[in-house]
Amino acid sequence: MLNKSTKFLVKGGKPLHGTITLSGAKNAASKEIIASMLTNEPVHFTNCPISISEISITKEICETLGSKFQKFENNEVIIETKNIHASSFSASLGIINRIGILTVGPLLKRAGEAKIPKLGGDKIGARPIDFHLNGLIQMGATIKEYKDFYYLKCKLLRG
């Protein structure tokens, strides 16, 4: 374990050469995939870390809601959501991670309602979603909280 007194001594004098490949960030990719549901046009992502379980869960949530994945391989994703077919997804997907709260914006915009399970995720501490809910209320959504889920409705979100 590193501490404040840990030091690294780098002896150089030679220029660095070579290449590295940076992988896509799962936290960005999962949000971008959800955001793609805001349009009915195909959306193309490259350098998407599809081998990460959070991305697979995001894919499953999107498919439940109506998205079609034309490509999901070699770190490339092509997604199209011509129509929203459902305004909710299973609680079993919602308790795995917290990405489900981000589905609310596209669902309200395109379907006028959203029913999302109370969200799970890692146990690193408090991970409230109240700032999401408060922002949605300020933009015109109504929210009803139930034991296991939230039901949101809105005719038009206004930023």
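The values are calculated or read from the model by the stated rules, or taken from the named source; none is laboratory data. All figures in this text were calculated on a predicted structure; none of them were measured in a lab. Cβ: placed from backbone, ideal geometry, glycine included. Neighbour counts: every protein chain shown. Surface accessibility is based on the protein's heavy atoms, side chains included, excluding ligands, DNA and RNA. Shrake-Rupley method; radii C 1.70, N 1.55, O 1.52, S 1.80 Å.
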Scanning segment 110-153 residue by residue, those touching a helix residue (DSSP H, G or I) at 6+ places or on another chain (Cβ under 6 Å) and at pLDDT below 95 turn out to be ILE116, PRO117, LEU119, ILE129, HIS132
Only unsatisfied item for PHE45, checking (1) within 22 Å of ILE116 (Cα to Cα); (2) at pLDDT 90 or above, is (1)
Reported set for segment 3-32 where residues are closer than 24 Å to PHE69 by Cβ and either under 15 Å from the mean Cα position of the chain (by Cα) or among the basic types (Lys, Arg) (or both) is GLY24, ALA25, LYS26, ASN27, ALA28, ALA29, SER30, LYS31, GLU32
Taking segment 80-106 and the residues there that are more than 22 Å from LEU156 (Cα to Cα) and in contact with a strand residue (DSSP E or B) (Cβ under 7 Å, 6 or more places away or on another chain), the one that is modelled with the highest pLDDT would be GLU80
So, first residue basic (Lys, Arg) in segment 146-159, second residue surrounded by 10 or more Cβ atoms within 10 Å (Cβ to Cβ), Cβ within less than 7 Å, six or more apart or across chains; the pairs are LYS153/GLY112; LYS153/GLU113; LYS153/ALA141; LYS153/THR142; LYS155/GLY112; ARG158/MET139; ARG158/GLY140
Subset of segment 144-159, residues within 13 Å of GLY105 (Cα to Cα) and hydrophobic (A, V, I, L, M, F, W, C), comes to LEU152, CYS154, LEU156, LEU157
Going residue by residue through segment 62-72, is there one that turns out to be touching a strand residue (DSSP E or B) at 6+ places or on another chain (Cβ under 7 Å) and among the aromatic types (Phe, Trp, Tyr)? yes
Picked from segment 2-27 (must be among the β-branched types (Val, Ile, Thr) and more than 30 Å from CYS62 (Cβ to Cβ)), the residue least open to solvent (accessible area, probe 1.4 Å) is THR6
Within segment 33-49, the residues that are more than 13 Å from the chain's Cα centre (by Cα) and crowded, with 17+ Cβ neighbours inside 10 Å are VAL43, PHE45
The residue from SER30, SER67 that alone is closer than 27 Å to MET139 by Cβ, free of Cβ contacts under 8 Å to residues at least 40 places away in the same chain, open to solvent by less than 40 Å² (accessible area, probe 1.4 Å) and not hydrophobic (A, V, I, L, M, F, W, C) is SER67
